[in-house]
Amino acid sequence: AVALPKRARGEGLKAAMPKPDRKRPVAAVLLLLAAGQAFLGQPEHTTTSKRVTSLGRREGLLFGLAPLAEVLRPEPAVAESLAGKKVAVLGGSGFVGKRICEGLVAQGPKVVSLSRSGAPKLTAPWVSEVRWQSGDVLSTDLDRIMAGADAVISAIGTIGTADDETGNGATNEAAAKAARKANAKRFVLVSASKDVAEAGVDAIFGPYVKGKRRAEAAVAEQFGANGVILQPSFIYGGEEFSATPPRVAGWYGEKVESLLSTGIFRGVAAASPAALRLALSPPLAVEDVAAAAVAGAAGLAQGTLSNHDAIKAAR
């Protein structure tokens, strides 16, 4: 059975109710005070020069607006509890998708997964808490899958197939469009590092890279600021090594991540061309990528998480 680390399995997202907006009346008072301060200016004890008085008034305006700016400072993003809500996961029986589903179950939402293989062959208790659907995104009734979903997470993708562009691009374009139609609040996409294209890997996996970029463009178009895009370089986990996709076992990946996260390797990577920079990028544990995806579904992560540190910080 696949198991998440305790931090991903037990912590949960802290629900927070939005607080009433008390800033507007306070801001109005401060704005009046700022205007009055600007008109009167700062005390002028030693000169009556118009120029100096004008400067005093401008200083008064800045002085008066300082507390106003503090009051109007945007609140930090408020976490939303996923308990009782519906989250649709595309590719939920895959390497990353299974961990996403497990992480979601721990948060209490109703989880539905759509993947070609349906339910994974696991006996862990959380598996029975997911509604597993078998089908292809391009031929399944996505309206039925996504109806009532608060968020959609896509972990679908292919590499090394006859049509990677469709497997990564067209599938996610259809998914993002259907999620928007279903009025989902957020869409989370597990994509790939931009360094993959810049490193020249597209010479070998061109359709894969093009498909990923199409997927990201679709999420941005359909969801804007409510779209979350994860761009990991390499993902490790499990007990096995794999060539397609490139993957190493968890025990080995942890050692590589620890080594490449040190200052000396980060410094070399930062000064290196894209190909070497990609090779020196710390890999990510599959549990960390899954946890970041769950955080994105709850509104705890936003925008494009384009590197190792950003993804780990979101979990």
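Summary of computed values
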read-out: Condition check for Ser258: outside any helix (DSSP H, G or I) and either among the aromatic types (Phe, Trp, Tyr) or open to solvent by 10 Å² or more (accessible area, probe 1.4 Å) (or both); value: no
read-out: Elements of type strands (runs of 3 or more DSSP E) in region 117-190, at least 3 residues being open to solvent by less than 30 Å² (accessible area, probe 1.4 Å) and more than 15 Å from Gln222 (Cβ to Cβ); value: none
read-out: Residue list for region 118-160, restricted to those being without any contact (Cβ under 8 Å) to a residue 40 or more places away in the chain, in contact with a Phe, Trp or Tyr (Cβ under 9 Å, 6 or more places away or on another chain) and over 18 Å from Ala290 (Cβ atoms); value: Gly118
read-out: Residues satisfying the stated conditions in region 103-116, i.e. of a type in the set (Ser, Thr, Tyr) and either more than 20 Å from the chain's Cα centre (by Cα) or part of a loop (DSSP other than H, G, I, E, B) (or both); value: Ser115
read-out: Number of the condition not met by Ser113 [criteria: (1) at pLDDT below 95; (2) open to solvent by less than 40 Å² (accessible area, probe 1.4 Å); (3) of a type in the set (Ser, Thr, Tyr)]; value: (1)
read-out: Criterion (modelled with pLDDT under 95 and open to solvent by 30 Å² or more (accessible area, probe 1.4 Å)) met by exactly one of Leu82, Leu55; value: Leu55
read-out: Candidates Ala225, Ala310, Ala291 - the one that is crowded, with 23+ Cβ neighbours inside 10 Å and of a type in the set (Gly, Ala, Ser); value: Ala291
read-out: One residue from Pro282, Pro245, Pro232 being open to solvent by 30 Å² or more (accessible area, probe 1.4 Å), closer than 22 Å to Ala197 by Cβ and assigned to a loop (DSSP other than H, G, I, E, B); value: Pro245
read-out: The listed residue being within 26 Å of Val228 (Cβ to Cβ), buried (at least 19 other Cβ atoms within 10 Å of the Cβ) and either at pLDDT below 95 or hydroxyl-bearing (Ser, Thr, Tyr) (or both), out of Gly253, Gly296; value: Gly253
read-out: So Gly211, is it over 18 Å from the mean Cα position of the chain (by Cα), closer than 18 Å to Ile153 by Cα and crowded, with 17+ Cβ neighbours inside 10 Å; value: yes
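Table: residues versus (1) more than 23 Å from Gly169 (Cα to Cα); (2) of a type in the set (Gly, Ala, Ser); (3) modelled with pLDDT of 95 or more.
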residue	(1), (2), (3)
Val209	no, no, no
Val219	no, no, yes
Ala225	no, yes, no
Val228	no, no, yes
Phe241	yes, no, no
Pro246	no, no, no
Ser272	yes, yes, no
Ser281	yes, yes, no
Ala291	yes, yes, yes
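The values are calculated or read from the model by the stated rules, or taken from the named source; none is laboratory data. Everything numeric here is computed off the predicted structure, so don't read it as measured data. FYI the Cβ positions are ideal-geometry reconstructions off the backbone, even for glycines, and counts take in every protein chain you see. Note: accessible area is taken over every heavy atom of the protein model, side chains too, but ligands, DNA and RNA are not part of it. Shrake-Rupley method; radii C 1.70, N 1.55, O 1.52, S 1.80 Å.
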